[in-house]
Amino acid sequence: FEELIIDTLGKVKALSSRIDGSAYKDMTVFVDPIDGTREFATGKGDKVTILVGYNDAQGIPQAGIIYRPLTTPHYWASGAKTEGFKDGVLDTPDEINSKGLLITDGKVSPFIMSTIENSGMNMVPSLASGNRVLMLVEGKAGAYIRDTGGFAKWDT
């Protein structure tokens with residue numbers, strides 16, 4: 001694992017040397033280096049993501065990156081709406097599951113169960129917030145509703 005960190009640090013330093021330090025001074029960068037900490041600690045690394053978000057001076061989101069570093073190949077998505085940019089390497093299913101509803105850790109509230117039954121949707125198990133977003137982008141499900149527990153402050 002230490003080798004991965006050292007390798008990644010070297011890549012970040014190389015990239016940072018190519019960026020004009022004053023070009024993005026009004027941007028705020030948010031980094032969640034291990035989204036899915038519980039999954040990471042319990043050996044479910046394929047659900048772990050690294051999240052990077054960029055806000056402008058008014059706090060409005062401008063761009064973001066979701067990266068699954070512990071899969072082979074590494075899956076990721078990035079985008080900047082104002083730039084008309086999107087890119088990525090996605091783990092897309094053979095068939096898009098637009099009727100899929102991501103469920104949390106196998107817990108299904110009466111509200112979610114009723115929604116599934118009344119809408120003809122199907123349950124798709126999921127773990128970790130960043131991974132769920134990537135699953136939606138990949139077409140593994142069409143929706144996610146969080147109605148139990150809550151989010152950690154850094155997941156909002």
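The values are calculated or read from the model by the stated rules, or taken from the named source; none is laboratory data. Just so you know, these numbers come straight off a predicted model, no measurement behind them. Every residue, glycine among them, receives a Cβ derived from its backbone with ideal geometry; neighbour counts consider all protein chains shown. Please note that ligands, DNA and RNA were not included when accessible areas were found on the heavy atoms of the full protein model with its side chains. Shrake-Rupley method; radii C 1.70, N 1.55, O 1.52, S 1.80 Å.
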Quiz item: How many percent of Cα pairs in region 72-145 exceed 18 Å?
Solution: 45
Exercise. Specify whether the C-alpha gyration tensor of region 30-95 places it in the rounded, prolate or oblate class, a ≥ b ≥ c being the square roots of the eigenvalues: rounded for a/c under 1.5, otherwise prolate if a/b is larger than b/c and oblate if not.
Key: oblate
Quiz item: Given the rule -39500 (n - 2.57) for each run of at least 4 DSSP H residues, summed and divided by the residues of the chain, what is its mean residue ellipticity at 222 nm, to the nearest 500 deg cm²/dmol?
Solution: -7500 deg cm²/dmol
Quiz prompt | Whole-number accessible area per residue in Å² for the chain, which is evaluated in the context of all protein chains at 1.4 Å | solution = 67
Practice problem: Place the peptides 43-54, 116-127 in order of packing, highest mean first, counting for every residue the other Cβ atoms within 10 Å and averaging per peptide. | Solution: 43-54, 116-127
Self-check item: Which of ARG38, ARG146, ARG18, ARG132 is most accessible, then next, and so on - probe 1.4 Å
Solution: ARG18, ARG38, ARG146, ARG132
Quiz item: When the chain is fully extended, how far beyond the present Cα-Cα distance does ILE19 get from ASN118, taking 0.36 nm per residue of separation?
Solution: 30.6 nm
Exercise. Tell me the Kirkwood hydrodynamic radius of the chain in angstroms, computed as one over the mean inverse distance between distinct C-alpha pairs.
Key: 17.3
Exercise. Would you calculate the separation in nanometres between label points at ASP46 and VAL31, each defined as 7 Å from the Cα along the Cα-to-beta-carbon direction?
Key: 2.8
Exercise. Please list 1-14, 84-97 highest first by mean number of surrounding beta-carbon atoms within 10 Å per residue.
Key: 84-97, 1-14
